[in-house]
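Presented below is the structure to which this report refers.
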Amino acid sequence: MDVVKRNIEGMGGHVRVTNTPGRGSLFTVSLPLTLAILDGMIVRVGAEYYIIPITSIIETLRPKRDEVRRVEGHSDVINVRGEFVPVLYLHHIFDIPNAEPDASKALIVLVESNHQKMGLVVDELVGQQQVVIKSLEANADPVRGISGATILGDGRVSLILEINDLKPAAHISAQPTTASVAA
């Protein structure tokens, strides 16, 4: 345990042990946020690049035009093996110009968070990569749907999506669609 503690402290972190007689011990390991690493899928929406955490991704699909439907008074949905999943257009949520507005010409990344599935419309899958998470809160106000940022290998900054916050963010923005109304 001493070796682990020294290595964590060497990285700028710390270990705290709380012992409660008769109940057990609690070990808390804290590392600087700059050392938080995430396996992510880099996606492109318009000219912007985003990171989707790999642990949230179920699958990726390219729907046919008639598979994405508008639910009266709500948003678009797609039927995935008998389950209707809400479709979120990232270019509407983050106001990105020049993105593909038609889900049947783009890709849908099916993600799950807190037992809720949703489809994220993206223009392109760029690739999978481990990224170092950088917090934005010290330098900017929080943005709903964004958990942090990273710098890609080519020097571009990419925002990391917070899947839990995307659905509420989508309801804030309007979602015009080219899909037909569900019967």
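The values are calculated or read from the model by the stated rules, or taken from the named source; none is laboratory data. Small disclaimer: the values here were computed from a predicted structure and weren't measured. Neighbour counts are summed over all protein chains in view; Cβ atoms, including those assigned to glycine, are modelled from backbone coordinates with ideal geometry. We work out accessible area using only protein heavy atoms, side chains counted, and drop any ligands, DNA or RNA first. Shrake-Rupley method; radii C 1.70, N 1.55, O 1.52, S 1.80 Å.
Pick from 12, 73: which is touching a Pro at 6+ places or on another chain (Cβ under 8 Å), surrounded by fewer than 13 Cβ atoms within 10 Å (Cβ to Cβ), modelled with pLDDT under 90 and not aromatic (Phe, Trp, Tyr)?
So the residue among 12, 73 that is touching a Pro at 6+ places or on another chain (Cβ under 8 Å), surrounded by fewer than 13 Cβ atoms within 10 Å (Cβ to Cβ), modelled with pLDDT under 90 and not aromatic (Phe, Trp, Tyr) is 12.
Out of contact with any Lys or Arg (no Cβ under 8 Å at 6 or more places or on another chain) and either open to solvent by less than 60 Å² (accessible area, probe 1.4 Å) or small (Gly, Ala, Ser) (or both), is that true of residue 37?
Spelling it out, it is not the case that residue 37 is out of contact with any Lys or Arg (no Cβ under 8 Å at 6 or more places or on another chain) and either open to solvent by less than 60 Å² (accessible area, probe 1.4 Å) or small (Gly, Ala, Ser) (or both).
Scanning for something in contact with a Ser or Thr (Cβ under 8 Å, 6 or more places away or on another chain), assigned to a strand (DSSP E or B) and buried (at least 20 other Cβ atoms within 10 Å of the Cβ), does region 77-85 turn up at least one residue?
No.
Please enumerate the residues belonging to region 1-58 that are outside any helix (DSSP H, G or I), over 28 Å from residue 164 (Cβ atoms) and of a type in the set (Lys, Arg).
Answer for region 1-58, where residues must be outside any helix (DSSP H, G or I), over 28 Å from residue 164 (Cβ atoms) and of a type in the set (Lys, Arg): just 23.
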